[in-house]
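Undergrad: Let me give you the structure first, and then I'll get to my questions.
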Amino acid sequence: MSQGLGEISPGTVFGLWLAAPLLLALAAGAATGASPSPLARDAHSFARPDDVRVKHLALDLTVDFAARTLAGNAQLTLENSTGARSLVLDTRDLDIRSVHLDGSPQPARFTLGQEVKFLGRSLTIEILPTTKVVRVDYSSRPEASAVQWLTPAQTAGGKQPFLFTQSEAILARTWVPCQDTPSVRMTYEAVIHVPAELMAVMSAENPTERTADGIYHFSMPQPIPSYLLALAVGDLEFRSMGPRSGVYAEPSMLAKSAYELADTETMITAAEALYGPYRWGRYDLLVLPPSFPFGGMENPRLTFATPTILAGDRSLVSLVAHELAHSWSGNLVTNATWNDVWLNEGFTNYFENRIMEAVSGRDFSEMLATLQYQSLTATVKEMGPTNPDTKLHLDLAGRDPDEGTGDIAYEKGFFFLRALEQAAGRDRIDAFLRGYFDHFAFHSMDTAHFVAYLQTTLLGPNPDIAKQIDPAAWIETPGLPASLKAPESKALAGVSAVIARWTHGTLAKSLDTKGWSTQHWLYFLNNLPAMLAPGQMSDLDGAFHFTTSGNSEILFAWLKLSLQNQYTAADPALDHFLTTVGRRKFIVPLYKELAKTPSGLERARALYARARPGYHPVAVTTLDTVLGKPGLSAPPPG
């Protein structure tokens, strides 16, 4: 339903109702340095930070590759303004040996709650109102879901083992007892003991050379939420890429990684020009083995990145722009709960696009936006326009919060901010976002508080914008709002013309594709007719060699198209891809496509049984649901 120019939308009424009291609370919190209050309660944590809050974490852990454990202690410095007599922490699959208060040798009393699916067990520690430091002696278990232990054969070098952690969303509790909620921020330090032939790095101030004794000291002076705790240990080397950026990788991957990521310093400068200073000291990257389940993880000071972005032509480095943008949207201002994850990912996708426009030009950023638009519309069509999970503000209570980190949070959030830009103009949206990041720096934010801030600072003073944008239609309503506008990419319009010529009989080898980037090719593959004849698939493959592509994005798109059209010549490439790449964005859709037929499901399960030991637990959790654990039956996915 369209709205008349004189009407006030339901979203505007919602914002007006919330604005005054919440903005007073937010302003008071910012002035005193306290966390904004009141924030929505986090349904994915047992912790009660309103009673007593962890302000600093000190870790002392030994990495044992043989036992596949991290063992030692965590010392938590408390802020107890209420006089609470118990501290509640989140744990999952941790062996708690003892607890001590303020350095006392006398063990303190603690209890572990009943196991809750996804959440683990609460650890309740009896404290005094005067307790300042709680030390928990513990060890992780080999099955800890945040930690992947890789054998030498699973690494690029093939000689040394490797481990890395992935704490987002609620997996920090599987290797550190903590208040595992993004509404709590803490500084941290760590001492990590590793074999002398390996190097340890963390989401903190990092070494650039290996120590002689395998002992590494870390400090993170800025407060971060627990999901940004990160550790990696392996045969690593470092190469500088600028005055405040560099890359860590296995020795055989270092030169390739440094070449691919050479524009990182330029991106930092572009980001600062948009939304203010980079506040984390250094911005380094760690290129991980291929089992890493995501494209990247924005661990502060040290982004973890998948090797699948190493295309050889720097065409996939928008991922770096995305993880860098998280240094503002996510790391600096953080979603308070996982129902609000769009505040991290949607903002970051918008910021990413603006960085890429500054670095590579408007034509390139509009190609990216067009591909995002197609992804969003396809996702909403697949999920259904009335599905409540197509809202930006989610209700994930009782579910794994990883379910909220899909295209809706990323792409619908991006297009909401883009719609605000189109209504407000560049100058006003940039001033709004710069003020938002500055005002709430190192604090958490939930959806209600954001809507109030948006209303008070942008929509209220500018009624011309409010007439065009109904926040509730984007944030609290399923499906796609009427104000969503498709991007117009002149560069990709030419690709559509090439597709038309090919579908009308022109041989693929005669098509003019000179100068095409990865984005041109992705648009080409994603917009071909759904059903193609074997001869058409062979024609495309013969001309463009998709089956042997070294570009992971292009190869993924081609393999999915090959499955849809039963192009068996790509089968060996598919088998190799699924057994050597662990990025969830790629492998889950391919397994789902395979499983659409009985024979395909059988093949998918056989492949998965081979590949599963090399996948990170985050990917395993998803694929066990899709395919069933190897050796167990499961219904085909719907």
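Undergrad: Give the residue that is least open to solvent (accessible area, probe 1.4 Å), with candidates limited to residues of the stretch 83-102 that are under 18 Å from Ser145 (Cα atoms) and out of contact with any helix residue (DSSP H, G or I) (no Cβ under 9 Å at 6 or more places or on another chain). Before the answer, list the steps.
TA: Applying the first criterion (under 18 Å from Ser145 (Cα atoms)) to the stretch 83-102 yields 89-96.
With the extra rule that they be out of contact with any helix residue (DSSP H, G or I) (no Cβ under 9 Å at 6 or more places or on another chain), the set shrinks to 95-96.
On the way: Asp95: 65, Ile96: 29 Å².
Among residues in the stretch 83-102 that are under 18 Å from Ser145 (Cα atoms) and out of contact with any helix residue (DSSP H, G or I) (no Cβ under 9 Å at 6 or more places or on another chain), the one least open to solvent (accessible area, probe 1.4 Å) is Ile96.
Undergrad: Let me ask you something else. So if I check each of Thr308, Thr337, which one is touching a Pro at 6+ places or on another chain (Cβ under 8 Å) and open to solvent by less than 10 Å² (accessible area, probe 1.4 Å)? Reasoning before the result, please.
TA: Working: Thr308 fails: open to solvent by less than 10 Å² (accessible area, probe 1.4 Å).
Selected residue: Thr337, the only one of Thr308, Thr337 that is touching a Pro at 6+ places or on another chain (Cβ under 8 Å) and open to solvent by less than 10 Å² (accessible area, probe 1.4 Å).
Undergrad: Another question, then. Within the stretch 540-580, can you find the residues that are in contact (Cβ under 8 Å) with a residue 60 or more places away in the chain, open to solvent by 20 Å² or more (accessible area, probe 1.4 Å) and touching a helix residue (DSSP H, G or I) at 6+ places or on another chain (Cβ under 7 Å)? Quick ask: steps written out before the conclusion?
TA: If we filter the stretch 540-580 for residues that are in contact (Cβ under 8 Å) with a residue 60 or more places away in the chain, which is where we start, we get 550-553, 580.
Next, only the ones that are open to solvent by 20 Å² or more (accessible area, probe 1.4 Å) stay: 550, 553, 580.
Result: Glu553, single match.
Undergrad: What helices (runs of 4 or more DSSP H) lie completely within the stretch 559-638 and have 2 or more residues being of a type in the set (Phe, Trp, Tyr) and on the phi < 0 side of the Ramachandran plot?
TA: Numbers: elements: 571-580, 584-594, 598-611, 617-627.
So the answer is 584-594.
Undergrad: Go through Glu382, Glu345, Glu352, Glu357 for me and flag whichever is open to solvent by 10 Å² or more (accessible area, probe 1.4 Å), touching a residue at least 12 places away in the same chain (Cβ under 8 Å) and not hydrophobic (A, V, I, L, M, F, W, C).
TA: Details: Glu382 fails: touching a residue at least 12 places away in the same chain (Cβ under 8 Å); Glu345 fails: open to solvent by 10 Å² or more (accessible area, probe 1.4 Å); Glu357 fails: touching a residue at least 12 places away in the same chain (Cβ under 8 Å).
After ruling out the rest, the residue left standing is Glu352.
Undergrad: Now for a different question. Filter the stretch 362-376 for residues that are over 21 Å from the mean Cα position of the chain (by Cα) and open to solvent by 20 Å² or more (accessible area, probe 1.4 Å) and give the result.
TA: Within the stretch 362-376, Arg362, Asp363, Phe364 meet the criteria.
Undergrad: When you go through Pro142, Pro105 one by one, which is the residue that is at pLDDT 95 or above and either open to solvent by less than 20 Å² (accessible area, probe 1.4 Å) or over 30 Å from Arg583 (Cα atoms) (or both)?
TA: Values: Pro142 fails: either open to solvent by less than 20 Å² (accessible area, probe 1.4 Å) or over 30 Å from Arg583 (Cα atoms) (or both).
Only one candidate qualifies: Pro105.
Undergrad: Look at the stretch 171-192 and say how many of its residues are touching a helix residue (DSSP H, G or I) at 6+ places or on another chain (Cβ under 6 Å) and either aliphatic (A, V, I, L, M) or surrounded by fewer than 24 Cβ atoms within 10 Å (Cβ to Cβ) (or both).
TA: Final tally of qualifying residues: 1.
Undergrad: When you go through Ala493, Ala497 one by one, which is the residue that is of a type outside the set (Asp, Glu), more than 14 Å from Leu540 (Cβ to Cβ), modelled with pLDDT of 95 or more and surrounded by fewer than 17 Cβ atoms within 10 Å (Cβ to Cβ)?
TA: Values: Ala493 fails: modelled with pLDDT of 95 or more.
Unique residue meeting the criteria: Ala497.
Undergrad: Any residue at all in the stretch 467-478 that is β-branched (Val, Ile, Thr), touching a helix residue (DSSP H, G or I) at 6+ places or on another chain (Cβ under 9 Å), open to solvent by less than 50 Å² (accessible area, probe 1.4 Å) and modelled with pLDDT of 95 or more?
TA: yes
The values are calculated or read from the model by the stated rules, or taken from the named source; none is laboratory data. Small disclaimer: the values here were computed from a predicted structure and weren't measured. Counting neighbours? That spans all protein chains shown, and the Cβs are built from the backbone with ideal geometry, glycine included. Heavy atoms of the whole protein, side chains included, go into the accessibility calculation; ligands, DNA and RNA do not. Shrake-Rupley method; radii C 1.70, N 1.55, O 1.52, S 1.80 Å.
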